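Take a look at the structure below.
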Amino acid sequence: MEFLNGARNNREWDTLERFLRDFQAAWPSEAGMDFARLHFTRYRLSHGVGMIDTLIEPLATFNIRHFSAIAGLRLVQPYQR
């Protein structure tokens, strides 16, 4: 859903939907949901952390500083720049 949220028009939406068909959804466990709720409520206002961001673990991002406040969140660089 994070990918689809970034679609700016129907063409991008359709392209993303075709791409995502090859993947299976990985639903968070109860413990994962507890982790997300705790960290979303703790860091939303102070660090601008989004709800979806707290559900993805490990989080692939270049924005290490933005998420470094969340203890226990594994961050990975998505690719080499």
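The values are calculated or read from the model by the stated rules, or taken from the named source; none is laboratory data. Here the structure is a predicted model, which means the values were calculated and not measured. Cβ: placed from backbone, ideal geometry, glycine included. Neighbour counts: every protein chain shown.
Counting only residues that are without any contact (Cβ under 8 Å) to a residue 12 or more places away in the chain and surrounded by 11 or more Cβ atoms within 10 Å (Cβ to Cβ), how many does region 43-62 have? Outline the logic, then answer.
Going through region 43-62, the residues without any contact (Cβ under 8 Å) to a residue 12 or more places away in the chain turn out to be 44-45, 50.
Now drop any that are not surrounded by 11 or more Cβ atoms within 10 Å (Cβ to Cβ), which leaves 44, 50.
Number satisfying all stated conditions: 2.
What is the one condition in (1) under 15 Å from Glu2 (Cβ atoms); (2) of a type in the set (D, E, K, R); (3) at pLDDT 85 or above that Arg21 does not satisfy?
Failing condition for Arg21: (1).
Right, Leu16: surrounded by 13 or more Cβ atoms within 10 Å (Cβ to Cβ), among the hydrophobic types (A, V, I, L, M, F, W, C) and at negative phi or not?
Values: surrounded by 13 or more Cβ atoms within 10 Å (Cβ to Cβ): yes; among the hydrophobic types (A, V, I, L, M, F, W, C): yes; at negative phi: yes.
Considered against the rule, which asks whether it is surrounded by 13 or more Cβ atoms within 10 Å (Cβ to Cβ), among the hydrophobic types (A, V, I, L, M, F, W, C) and at negative phi, Leu16 comes out as yes.
Give me a count of the residues in region 24-42 that are without any contact (Cβ under 8 Å) to a residue 24 or more places away in the chain, within 15 Å of Met1 (Cα to Cα) and surrounded by 11 or more Cβ atoms within 10 Å (Cβ to Cβ).
So the answer is 0.
What number of residues within region 1-15 are closer than 29 Å to Ser68 by Cα, free of Cβ contacts under 8 Å to residues at least 24 places away in the same chain and of a type in the set (A, V, I, L, M, F, W, C)?
Residues meeting the conditions: 3.
Suppose we keep only residues that are of a type in the set (A, V, I, L, M, F, W, C) and either closer than 13 Å to Ile56 by Cα or not in a helix (DSSP H, G or I) (or both) within region 12-30. Which one would you say is farthest from the chain's Cα centre (by Cα)?
Among residues in region 12-30 that are of a type in the set (A, V, I, L, M, F, W, C) and either closer than 13 Å to Ile56 by Cα or not in a helix (DSSP H, G or I) (or both), the one farthest from the chain's Cα centre (by Cα) is Phe23.
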